[in-house]
């Protein structure tokens, strides 16, 4: 595991990695900065939800967050759409996942 610089004042981690260019002969240094504070806020939010395993996937283009309570995700036999754009997915009587629409507007 490589050491990554953490800027506690900004709450960010900066990652640097040599990435091959097209053709593979030359490389370039790629730098990515991740706002760790946002992920820590997400971790704190998880303390408030039901204690069960879940898997998350965010589709930024569709602005949708998928929450699955099984891995791999089960196919839904029924769904319910609430007034606040939440899709509850069922397998029989069991809630197997949630689809949260319009995430950026919440």
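Listing for the model above:
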quantity	calculated
Test: residue 56 is part of a strand (DSSP E or B), under 13 Å from the mean Cα position of the chain (by Cα) and at pLDDT 95 or above	no
Residues of the range 71-106 satisfying the condition of being out of contact with any strand residue (DSSP E or B) (no Cβ under 6 Å at 6 or more places or on another chain) and either in a loop (DSSP other than H, G, I, E, B) or loosely packed, with under 11 Cβ neighbours inside 10 Å (or both)	72, 73, 75, 82, 83, 84, 92, 93, 102, 104, 105, 106
Conditions (1) touching a strand residue (DSSP E or B) at 6+ places or on another chain (Cβ under 7 Å); (2) within 30 Å of residue 14 (Cβ to Cβ); (3) surrounded by 11 or more Cβ atoms within 10 Å (Cβ to Cβ); (4) modelled with pLDDT under 95: number failed by residue 28	(3)
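The values are calculated or read from the model by the stated rules, or taken from the named source; none is laboratory data. Just so it is clear, the model here is predicted, and its values are computed rather than measured. Reconstructed Cβ throughout: ideal geometry from the backbone, glycine too, with neighbour counts over all protein chains shown.
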